[in-house]
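In what follows, a structure is listed as structure tokens, so that the remarks can point back to it.
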Amino acid sequence: MDYFLKQYGLHQGALEIQYIEEFFLDFPRKKTAAEVINRLADRDHHIVMAEAPLPDDPGTVVPVSFKVGHELRAHESDPKLADLVAQLEDCVEFEGRRVLYQWIGGTRSDWRGQGHFRALTEQQEAWAIEQGFDEIVVKTKNRFYDMRGTLDHLRFEVVKYERNADDNAESKVYLSKKLLPDVIHAHRSARTVVQVPV
């Protein structure tokens, strides 16, 4: 299967993310375009979305999955990012290296299990290597079993587990993948990628 992906510039990408989160994903806390722009405006970032035709109307193509990653620096001024760096400093080396944080992403429930997230991840990895990144990190919660399983299949390794004393399902799981030269050779998805300007 050839996956159709679009890489977006910041402003159009932020609008697309707001749309897909609002109408298709079941996240309790949805990002607005303004939040996305505010987070990404002054750092290297990657916004990529998968689209596919509707099964009952192949002439209509819809967004089905997306990923947003951005550079995570050793010294962050944003309190949430500074806390993330502090949580990772004992297991991820930041000094002299480029680290990409997989910030947000998801796949519409009716499109899961079809390889779209893998295609997005492989595209993100190719982009990150091209941009000189050394590692990708992601944070999830223990209760997101499907996401944890997907990340395991994509060869992300658990680097830290932050237990929630009240509810283990709410515990945070930090994962990492080093962008070694052989990463690209392990990619399996065929992708057509279109760059959408700002």
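The values are calculated or read from the model by the stated rules, or taken from the named source; none is laboratory data. Note that this is a predicted model, so its numbers are computed, not measured. As a convention, Cβ positions derive from the backbone with ideal geometry for all residues, glycine included, and neighbour counts pool all protein chains shown. Just the protein is used for accessible areas: all its heavy atoms, side chains included, with ligands, DNA and RNA removed. Shrake-Rupley method; radii C 1.70, N 1.55, O 1.52, S 1.80 Å.
Calculate the spin-label point distance for residue 1 paired with residue 87, positioning each point 7 Å from the Cα along the beta-carbon direction, and give it in nanometres.
According to this spin-label approximation, the distance is 3.1 nm.
In sequence order, what are the phi-derived ³J(HN,Hα) couplings for the range 149-156 according to the Karplus relation 6.51 cos²θ - 1.76 cosθ + 1.60 with θ = phi - 60°, rounded to whole Hz, with x for glycine and proline?
x, 4, 4, 5, 4, 8, 6, 7
With θ set to phi - 60° and the Karplus curve 6.51 cos²θ - 1.76 cosθ + 1.60, what are the ³J(HN,Hα) couplings of the range 114-122 in order, to the nearest whole Hz, using x for Gly and Pro?
My calculation for the range 114-122 gives 10, x, 5, 5, 4, 4, 5, 5, 5 Hz in order.
Tally up the carbon and sulfur contribution to the accessible surface of the chain as a whole percent, 1.4 Å probe, everything protein left in place.
Heavy-atom surface of the chain belonging to carbon and sulfur, 1.4 Å probe: 50 percent.
Starting from the Cα of residue 110, step 7 Å along the direction of its Cβ; do the same at residue 172; then give the gap between the two resulting points in nm.
3.5
Accessible area per residue of the range 99-188 at 1.4 Å probe, in Å²?
For the range 99-188, the per-residue accessible area is 52 Å².
What accessible area, in Å² to the nearest ten, does a 1.4 Å probe give for residue 85?
Residue 85 exposes around 10 Å² with every protein chain in place.
Taking amide hydrogens as modeled 1.01 Å from N in the peptide plane, which residues meet the under 5 Å criterion relative to residue 141, leaving out close sequence neighbours?
Amide H neighbours of residue 141: 173.
Extension gain residue 163-residue 131, at 0.36 nm per residue separation less the Cα-Cα distance, in nm?
Gain on extension, residue 163 to residue 131, equals 8.1 nm.
What is the packing order of peptides 51-60, 144-153, taking the mean over residues of other C-beta atoms within 10 Å and listing the highest first?
Taking the mean over residues of other Cβ atoms within 10 Å, the ranking is 144-153, 51-60.
Taking the Cβ-Cβ separation of residue 60 and residue 180 as r and a Förster radius of 30 Å, what is the calculated FRET efficiency to the nearest 0.05?
0.15
Can you run phi through the Karplus equation (6.51, -1.76, 1.60; θ = phi - 60°) for the range 51-56 and list ³J(HN,Hα) in whole Hz, with x for Gly and Pro?
Taking θ as phi minus 60°, the curve returns 10, 8, x, 5, x, 8 Hz for the range 51-56.
Working from Cα positions, state the angle (0 to 90°, nearest 10) between the long axis of helix 10-24 and the longest principal axis of the chain.
80
List the residues of the range 1-20 whose backbone N lies under 12 Å from a point placed 7 Å from the Cα of residue 153 along the Cα-to-Cβ direction.
Once the point is set 7 Å along Cα→Cβ of residue 153, nothing inside the range 1-20 turns out to lie under 12 Å by backbone N.
Using a Cα-Cα cut-off of under 24 Å, which lysines could be cross-linked to residue 141, ignoring same-chain neighbours fewer than 8 residues away?
30, 31, 67, 80, 160, 172, 177, 178
Could I get the Rg over Rh figure for the range 25-150? Both from C-alpha atoms, Rh via Kirkwood, rounded to two places.
For the range 25-150, the value is 0.99.
Per DSSP H run of at least 4 residues, take -39500 (n - 2.57); add these up for the chain, divide by its residues and hand me the 222 nm value, nearest 500 deg cm²/dmol.
Helix-only estimate at 222 nm: -9000 deg cm²/dmol.
If you build the convex hull over the alpha carbons only and average its shadow over all orientations, what do you get for the range 79-178? Give it in nm² to one decimal.
7.0
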